[in-house]
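In what follows, a structure is listed as structure tokens, so that the remarks can point back to it.
The values are calculated or read from the model by the stated rules, or taken from the named source; none is laboratory data. A quick note: this is a predicted structure, and the numbers were derived from the prediction, not measured. Using ideal geometry, Cβ is built from the backbone for each residue, glycine included, and neighbour counts are taken over all protein chains shown.
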């Protein structure tokens, strides 16, 4: 909201600096800090000003915003076009089959035994 929405001379404009996918990936990253209280207040204030501008002149604002949002959606689709690429889909499908054999080769049992030994040692308390 703070970076992508501008209100100039009563006109609300949406010009995203990142695609929606990039924003979602950034927001999902646990290293990304939560918005500060000041950022939240600024975003709320900008949203209020944008809503007032749109309500004051909906016939001009809504078509312009719809075109800008449509362009942003088009950019997001273009940025993610590899999702429908057969080679990429085959690679993703292969990831699942490449990583399902852990239980059959004994590695999972060995790791389970190791974790069981660790938990037993921790439960026993410190050694003297």
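Among the residues of the stretch 7-21, write down those that are farther than 17 Å from residue 75 by Cβ and surrounded by fewer than 15 Cβ atoms within 10 Å (Cβ to Cβ).
Within the stretch 7-21, 7, 8, 9, 10, 11 meet the criteria.
So for the stretch 83-103 (the condition being surrounded by 10 or more Cβ atoms within 10 Å (Cβ to Cβ) and in contact (Cβ under 8 Å) with a residue 12 or more places away in the chain), does at least one residue qualify?
Within the stretch 83-103, none of the residues are surrounded by 10 or more Cβ atoms within 10 Å (Cβ to Cβ) and in contact (Cβ under 8 Å) with a residue 12 or more places away in the chain.
Go over the candidates 83, 118, 54, 73 one by one and state the one that is modelled with pLDDT of 95 or more and assigned to a helix (DSSP H, G or I).
Residue meeting the stated conditions: 54.
Sort through 48, 4 and tell me the only one that's out of contact with any strand residue (DSSP E or B) (no Cβ under 8 Å at 6 or more places or on another chain), surrounded by 10 or more Cβ atoms within 10 Å (Cβ to Cβ) and at negative phi.
Step by step, each of 48, 4 is checked, and only 48 is out of contact with any strand residue (DSSP E or B) (no Cβ under 8 Å at 6 or more places or on another chain), surrounded by 10 or more Cβ atoms within 10 Å (Cβ to Cβ) and at negative phi.
Hey, can you tell me all the residues within the stretch 6-18 that are under 12 Å from residue 51 (Cα atoms) and touching a helix residue (DSSP H, G or I) at 6+ places or on another chain (Cβ under 6 Å)?
Of everything in the stretch 6-18, those that are under 12 Å from residue 51 (Cα atoms) and touching a helix residue (DSSP H, G or I) at 6+ places or on another chain (Cβ under 6 Å) turn out to be 7, 10, 12.
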